[in-house]
Amino acid sequence: MPRPVILGGDIGAYGSARAFHEAFGVRSVVVAGARTGAVADSAIIDLRVVPGLETADQLAAELRAIAGEEPGRPHLVIASADWLVALVTEAAPGLADVPEIVVPYPDAETVARVSDKAQVMAACAELGVAHPETVVVVPGETGATERLAELDYPRVVKVSSTTAAHAVSYSGQAKVHVATSAREAQTLLEAMAAAGLTAPVLVQEVLPGGDAAMAAANVFLDARGHPVLAQLGRVLLEEHTPTALGNSVAQVTVDAGNDSAAEQMLREVVRLLTHLGWSGFANVDLMLGSDGRYRVLEVNPRVGRSGFAVTASGYNVAELYGRAFLPGDGRGSSPRLVLASREHLFTVVPLLLLRVFAPEQWPLVLRLWRKRAWTNPLYYRVERSPRRWFYIAVAMVNQMRKFARFHPASPLRRGR
């Protein structure tokens with residue numbers, strides 16, 4: 001029986017812990033830099049708060065200590081953020097002498113390649129996979145101003161590496177920026193350079209459409225890189241706070257067997273990930289272009305915030321990890337790619353918000369609600385702590401406040 005070790009304290013970490021509890025009935029050790037509501041006071045989590053865990057040596061020491069608590073038992077290490085994936089794969093070679101520790105990721109070089117949006121865009125161009133028109137610049141580089149001046153605006157501006165973005169801080173920092181002019185883009189790059197950012201930055205075309213134009217492909221490949229499962233989730237609603245812009249808060253998984261466009265996109269994504277040498281779980285952000293084709297925006301090398309959508313729809317992520325990376329049946333077999341076919345609503349916000357901010361999707365939401373084909377990962381019946389349920393109630397109220405403040409369609413924003 002595996003003992004999961006999950007790095008990070010967000011709702012994605014809780015979703016992974018819930019997947020392992022549903023699959024194996026085990027509690028997960030969650031290692032977080034702070035005590036966060038998403039993972040605190042939980043019956044399925046053994047929370048370890050370890051502030052300042054930022055180097056591979058520190059992480060290796062922590063994992064050795066955890067594995068030493070139950071020698072002989074496999075400890076499967078999952079990370080819930082890009083920078084933590086980078087950290088654990090950097091630490092992995094130094095843990096080779098601890099057979100109990102299983103790191104279900106490729107080597108650090110492959111992780112860096114897949115996490116780099118510029119390299120992903122280059123791979124898409126090489127393979128003919130649809131992606132936004134992209135120009136790559138480096139903050140402070142010679143000729144950047146001239147290159148920016150040649151482009152049409154507005155443009156999306158985002159750092160190529162999420163890990164690199166995590167390491168710097170600058171005024172107005174956001175996950176995704178929209179520059180309305182070359183001067184605005186240049187000012188943004190200057191702020192990034194002043195903060196010490198040396199990673200490439202993508203300057204891309206703005207694709208039309210709101211939240212409903214977004215989608216996510218969740219794909220699992222075994223330890224040898226053979227594709228096992230691919231699922232498409234169509235986004236109903238996204239975050240609009242500056243630091244979390246683009247994070248999905250509600251999506252519906254698609255029956256790819258009866259949706260030729262979804263099937264085609266999933267096969268393209270699988271081809272891309274295989275080309276990049278990936279193994280394990282990956283989450284690929286997509287967006288519809290004006291021609292009706294999905295375009296690849298980026299690859300997240302992990303189970304993301306919305307990764308529990310896969311488990312909720314009947315394809316348990318923990319079971320996939322167990323079959324692919326732990327000793328036992330299934331590791332030597334050649335898998336057949338399954339295109340997920342179960343329609344399910346995944347949400348981390350109250351359903352009322354979908355009625356207000358995604359009214360065109362409400363009939364679909366209502367239909368799935370009536371079929372009981374919907375899940376909020378925080379609503380887990382095994383949780384008994386009053387403090388945890390109080391946190392969940394407050395979190396749902398805060399979601400309503402955030403959308404009232406930041407969503408473009410909010411009556412409060414329209415009244416300004």
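The values are calculated or read from the model by the stated rules, or taken from the named source; none is laboratory data. Computed from a prediction, not measured in an experiment: that's the story for all the values here. Reconstructed Cβ throughout: ideal geometry from the backbone, glycine too, with neighbour counts over all protein chains shown. Accessible surface areas use protein heavy atoms only, side chains included; no ligands, DNA or RNA. Shrake-Rupley method; radii C 1.70, N 1.55, O 1.52, S 1.80 Å.
Values as computed for the structure displayed
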{"read-out": "Computed FRET value (nearest 0.05) for Thr142 with Tyr379, which takes r as the C-beta separation and R₀ as 60 Å", "value": "0.65"}
{"read-out": "Accessible-area ranking of Arg372, Arg3, Arg271, largest first, probe 1.4 Å", "value": "Arg372, Arg271, Arg3"}
{"read-out": "Average accessible area per residue (Å²) across the range 110-217 - probe 1.4 Å, nucleic acids and ligands excluded", "value": "42 Å²"}
{"read-out": "Lysine pair count for the chain [Cα-Cα under 24 Å; pairs on different chains or 8 or more apart]", "value": "5"}
{"read-out": "Under the Karplus curve 6.51 cos²θ - 1.76 cosθ + 1.60, θ = phi - 60°, whole-Hz ³J(HN,Hα) for the range 68-77, x wherever Gly or Pro sits", "value": "x, 5, 9, x, x, 9, x, 10, 8, 9"}
{"read-out": "Amide H within-cut-off set for Arg295, under 5 Å, with H built and near neighbours excluded", "value": "Met287, Leu288, Gly289"}
{"read-out": "Relative contact order of the chain, pairs being alpha-carbon contacts under 8 Å that are 6 or more residues apart, as %", "value": "17 percent"}
{"read-out": "Accessible area expressed per residue, the range 3-66, with surrounding protein chains retained (probe 1.4 Å, Å²)", "value": "34 Å²"}
{"read-out": "Karplus-derived HN-Hα couplings along the range 160-166 (A = 6.51, B = -1.76, C = 1.60, θ = phi - 60°), whole Hz, x at Gly and Pro", "value": "5, 10, 4, 5, 5, 5, 5"}
{"read-out": "In Å², nearest 10: area of Glu22 left accessible to a 1.4 Å probe", "value": "80 Å²"}
{"read-out": "Relative contact order of the range 95-217, defined on C-alpha pairs under 8 angstrom at six or more residues apart (%)", "value": "33 percent"}
{"read-out": "Apportionment of accessible area to carbon and sulfur, the range 92-221, percent (1.4 Å)", "value": "54 percent"}
{"read-out": "Cα gyration tensor shape of the chain, rounded if a/c is under 1.5, else prolate or oblate by comparing a/b with b/c", "value": "rounded"}
{"read-out": "Accessible carbon and sulfur surface of the range 1-44 relative to its total accessible area, %, 1.4 Å", "value": "51 percent"}
{"read-out": "Over the range 1-128, relative contact order from alpha-carbon pairs under 8 Å, at least 6 apart, %", "value": "24 percent"}
{"read-out": "Cα centroid separation, the range 1-71 to the range 356-416 (Å)", "value": "26 Å"}
{"read-out": "Interchain or long-range residues, amide H under 5 Å from Val228's placed H", "value": "Phe220, Leu221, Asp222"}
{"read-out": "Dipole magnitude (debye, nearest 20) for the range 233-280, charges at Cβ of Lys, Arg, Asp, Glu", "value": "160 debye"}
{"read-out": "Carbon plus sulfur fraction of accessible area for the range 364-409, probe 1.4 Å, in percent", "value": "60 percent"}
{"read-out": "Total charge dipole magnitude, the chain, about the Cα centre, Cβ charges on Lys, Arg, Asp, Glu only, Debye to nearest 20", "value": "1740 debye"}
{"read-out": "Under 5 Å, built H, 5+ apart or other chain: amide partners of Glu238", "value": "Val249"}
